[in-house]
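**Q** Here it is, the structure in full.
The values are calculated or read from the model by the stated rules, or taken from the named source; none is laboratory data. Keep in mind that this is a model prediction, so the values were computed, not measured. Here Cβ is always computed from backbone atoms with ideal geometry, including for glycine, and neighbour counts include all displayed protein chains.
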Amino acid sequence: MEKVMWLVLGGVTFVAALQAGHSRRAMYVGRWALGVLFIAFGAVVNAIYLAAQVGYYEDFAKTSPFLFVRDTWESLVLPNQGVFISALIIAEAAAGVLVLRGGSWTQAGLIALIGFHVGQLAFGGVLWVWAPLMLVALVLLLRAERQAALDDEEPSSLQHAST
C-alpha cells in the first residue's frame, strides 16, 4: 500500500511541480502532496516498520554500487536501527511539516528534501529513477515558492516607494 501511495503522491508532486511556476494552485497541490508523502508515508510508515521489527531495512543498501555504503549500512546502521531509523523518522516528519507550513518554512523543507534525495542516489537501484525525478520536482517547487514570495512582497515594496 505504501509503495502505491509513494507513486501516487510522488506523481502528483511531480505533475504539480511542472505547473507550479504558472499556477499557485499547482504549487499548493504539490506542497500538500509532498508534505503528506513525507509525514504519512515516510515518517509514519517507517515508525510502524521500526516498531514491528519486520526486517524492512535489511536489504535497503544491497543495490548500492558503492562498497562503503553497503558496508556502512551493514556494520553501523543495521545494528543501530533504533537510532538511525528514528533520526530518519524525525527528519521526514520535520521536512513534511516544514513543507506544509508555507513561506520560508516551505523553502527550508524543500531544501532539506533536495539534500535528502541527493543522498538517496548513493543507494542505487530504484532510487536512481525516483530521486532524479523528485529532484526535478523539488527544484521546480522551490523556484515556484521563491517566485511566489517575491510576488507577495512586490506590492508592499511599491507602496513604500510611492509614499
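**Q** Looking at the range 90-100, is at least one residue modelled with pLDDT of 95 or more and surrounded by fewer than 14 Cβ atoms within 10 Å (Cβ to Cβ)? If you could, list the steps in order and put the result at the bottom.
**A** Within the range 90-100, the subset modelled with pLDDT of 95 or more is 90-100.
Keeping just the survivors that are surrounded by fewer than 14 Cβ atoms within 10 Å (Cβ to Cβ) gives 90.
Within the range 90-100, one or more residues are modelled with pLDDT of 95 or more and surrounded by fewer than 14 Cβ atoms within 10 Å (Cβ to Cβ).
**Q** If I filter the range 131-140 for residues that are part of a helix (DSSP H, G or I), farther than 22 Å from H22 by Cα, in contact (Cβ under 8 Å) with a residue 12 or more places away in the chain and within 11 Å of the chain's Cα centre (by Cα), do I get at least one hit?
**A** Yes, the conditions are met somewhere in the range 131-140.
**Q** Could you list, in sequence order, the residues of the range 64-78 that are hydrophobic (A, V, I, L, M, F, W, C) and part of a helix (DSSP H, G or I)?
**A** Within the range 64-78, the first condition is being hydrophobic (A, V, I, L, M, F, W, C), and the residues that meet it are 66-69, 73, 76-78.
Across the range 64-78, the qualifying residues are L67, F68, V69, W73, L76, V77, L78.
**Q** Please identify the pairs in which a residue from the range 51-80 that is touching a residue at least 24 places away in the same chain (Cβ under 8 Å) has its Cβ atom under 6 Å from the Cβ atom of a residue that is not in a helix (DSSP H, G or I), counting only partners at least 6 apart or on another chain.
**A** T63/G124; T63/G125; S64/G124; P65/G124; V69/A61
**Q** Which numbered condition trips up A112, out of (1) touching a residue at least 40 places away in the same chain (Cβ under 8 Å); (2) under 18 Å from W130 (Cα atoms)?
**A** (1)
**Q** Only one of E74, E92 is among the acidic types (D, E) and either in contact with an Asp or Glu (Cβ under 7 Å, 6 or more places away or on another chain) or within 29 Å of M27 (Cβ to Cβ) (or both). Can you tell me which?
**A** E92
**Q** Now for a different question. Within 19 Å of L100 (Cβ to Cβ), at pLDDT 95 or above and not in a loop (DSSP other than H, G, I, E, B), is that true of V36?
**A** On the way: within 19 Å of L100 (Cβ to Cβ): yes; at pLDDT 95 or above: yes; not in a loop (DSSP other than H, G, I, E, B): yes.
In short, yes.
**Q** State all residues of the range 8-57 that are over 18 Å from G109 (Cβ atoms) and of a type in the set (V, I, T); if no residue qualifies, say none.
**A** Within the range 8-57, V8, V15, V45, I48, V54 qualify.
**Q** Oh, and also: All but one of (1) part of a helix (DSSP H, G or I); (2) among the charged types (D, E, K, R); (3) surrounded by fewer than 12 Cβ atoms within 10 Å (Cβ to Cβ) hold for R146; state the number of the condition that does not hold.
**A** Every condition holds for R146 apart from (3).
**Q** Also, I was wondering about something else. Being farther than 25 Å from F68 by Cβ, at pLDDT below 95 and not polar (S, T, N, Q) narrows it down to one residue among L150, L133; which is it? Break it down stepwise before answering.
**A** Numbers: L133 fails: at pLDDT below 95.
Going through L150, L133 in turn, the sole match is L150.
**Q** I need a count of the residues in the range 131-141 that are surrounded by fewer than 20 Cβ atoms within 10 Å (Cβ to Cβ) and either touching a Phe, Trp or Tyr at 6+ places or on another chain (Cβ under 8 Å) or over 18 Å from G11 (Cβ atoms) (or both).
**A** The qualifying residues number 2.
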